[in-house]
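Below you'll find the structure, written out as structure tokens, and then a few comments.
The values are calculated or read from the model by the stated rules, or taken from the named source; none is laboratory data. The shown structure was predicted, so the numbers you read here are calculated from the model rather than taken from an experiment. Reconstructed Cβ throughout: ideal geometry from the backbone, glycine too, with neighbour counts over all protein chains shown. Protein only, heavy atoms only, side chains kept; ligands, DNA and RNA dropped before computing areas. Shrake-Rupley method; radii C 1.70, N 1.55, O 1.52, S 1.80 Å.
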Amino acid sequence: MNYDRYFTRGQNVFLINISEERDASVFDSFTGRVVLCSDDQLLLRTAYRLYSGEVSGLKPGMQFKLTTEAMGMGVQIRAELVELISPEELKLRPLGELAVYQRRQSPRVDLSLPLLLVPQKSSLAAFQREWKRVVQDLQKPAPPRLKLTSTAVNLSAGGFGVTLATEPTHLALVVIDLQDEKRPICAVAELIWRKPDNEQQLTACGHRFVDILKEDQERIAALVEKIAGGRTSGAKQRELIDRMEP
């Protein structure tokens, strides 16, 4: 099959972990850019390190759902991880036929919520390790009191947009209090667009959740639905790409 017709060089591809051994309660994903595509392999490069000195959670044999946009359509395919070539480069093998779907953008709302954003130049594996620790701490009977600041945020189940006075990094840890009388949510997010305002020395940024509990996605969806009205898309739709254009 001509996979390279849909996965062209330089194209962004969103990878969602669908391996049988995965934690099904977690939405686990990341983005790569096509370096090479043929009928039997797909070479992707990430904008950030997937791992560093730590042991990577990515193992050959893991399966992913790969989604992208081609010819104005949403395209997805299953693929198996063959090799981690470097901390930023991986090789996959396409499995089966391509599927075409109608792309949907998650409903979004503008609001102000207590938020903590921690940008760092760390690998995805390091962020995932810290995310698991924070999630466990937040679920304790006496969780730590984090210093959250009321922040204007554009929020959806797929990610969020904020304006920063500091330079954004490719990855960040975010904690948001949804003010729904439950614990704050925590997620790892990747930067997918930035728009500098040189006059005010600010940067508008769009982030996509790459590691988040699915129950927290549901809580965000419920909040968005409550504010915006109407029915939000289901979990399966939210696993597709949220374009989050500025």
Task: Meets criteria (open to solvent by 90 Å² or more (accessible area, probe 1.4 Å), farther than 24 Å from Leu50 by Cβ, out of contact with any strand residue (DSSP E or B) (no Cβ under 9 Å at 6 or more places or on another chain) and among the basic types (Lys, Arg)) for Lys147 - done: no
- [ ] Looking only at region 169-182, count how many residues are touching a Lys or Arg at 6+ places or on another chain (Cβ under 9 Å) and at pLDDT below 95.
- [x] 2
Open item on the list: Could you check region 196-213 and list, in sequence order, the residues that are modelled with pLDDT under 95 and among the charged types (D, E, K, R)?
Closed with: Asp197, Glu199
Open item on the list: Being in a strand (DSSP E or B), open to solvent by 10 Å² or more (accessible area, probe 1.4 Å) and among the aliphatic types (A, V, I, L, M) is the filter here; which residues of region 163-202 pass it?
Closed with: Leu164, Leu173, Leu191, Ile192, Leu202
- [ ] Scan region 59-75 residue by residue and report those that are in contact (Cβ under 8 Å) with a residue 60 or more places away in the chain and at negative phi.
- [x] Lys65, Thr67, Thr68, Glu69, Ala70, Gly74, Val75
Task: Unmet requirement for Asp28, which otherwise passes all of (1) in contact with a Phe, Trp or Tyr (Cβ under 7 Å, 6 or more places away or on another chain); (2) not in a loop (DSSP other than H, G, I, E, B) - done: (1)
TODO: Tell me which residues, restricted to region 26-44, are touching a residue at least 40 places away in the same chain (Cβ under 8 Å), over 11 Å from Leu92 (Cβ atoms) and open to solvent by less than 60 Å² (accessible area, probe 1.4 Å).
DONE: Val26, Phe27, Asp28, Ser29, Phe30, Thr31, Val35
